[in-house]
Amino acid sequence: MFDLICRRRHWGEDRVIYEGQNGRLCTIASAWTDIDPGDEFRLIAAGRAAFRTIDLLALCDALDRLAEGLRSDDA
């Protein structure tokens with residue numbers, strides 16, 4: 001466990017700065033920490049989700065295109 005010094009944008013990414021064991025300031029990507037609250041879907045699913053959200057959205061788009069094609073064939 002480390003004490004957070006600050007959070008800044010370094011090298012084009014969001015990073016946290018902390019004091020290392022030797023007293024020097026160190027940085028790591030904030031995505032590698034628990035500084036941000038967890039994604040609500042992932043917290044609720046707790047690893048039980050059969051599909052990823054992005055995949056379900058792609059499926060919805062594909063079904064919408066298919067339905068549109070079927071409606072145009074009826075005309």
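Scanning the stretch 53-64 for residues that are under 15 Å from the mean Cα position of the chain (by Cα) and either in contact (Cβ under 8 Å) with a residue 40 or more places away in the chain or open to solvent by less than 100 Å² (accessible area, probe 1.4 Å) (or both) yields THR53, ASP55. Looking across the stretch 1-47 at every residue that is aliphatic (A, V, I, L, M) and free of Cβ contacts under 8 Å to residues at least 12 places away in the same chain, the one that is surrounded by the fewest Cβ atoms within 10 Å (Cβ to Cβ) is identified as MET1.
Checked against (1) surrounded by 10 or more Cβ atoms within 10 Å (Cβ to Cβ); (2) among the aliphatic types (A, V, I, L, M); (3) not in a helix (DSSP H, G or I), ALA50 passes all but condition (1).
Yes/no matrix, rows are residues, columns are (1) under 20 Å from the mean Cα position of the chain (by Cα); (2) outside any helix (DSSP H, G or I):
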residue: MET1; (1), (2): no, yes
residue: ILE17; (1), (2): no, yes
residue: ASP34; (1), (2): yes, yes
residue: GLY38; (1), (2): yes, yes
residue: LEU66; (1), (2): no, no
residue: SER72; (1), (2): no, no
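The values are calculated or read from the model by the stated rules, or taken from the named source; none is laboratory data. Just so it is clear, the model here is predicted, and its values are computed rather than measured. So basically every Cβ, Gly included, is an ideal-geometry build from the backbone, and we count neighbours across all protein chains shown. Note: accessible area is taken over every heavy atom of the protein model, side chains too, but ligands, DNA and RNA are not part of it. Shrake-Rupley method; radii C 1.70, N 1.55, O 1.52, S 1.80 Å.
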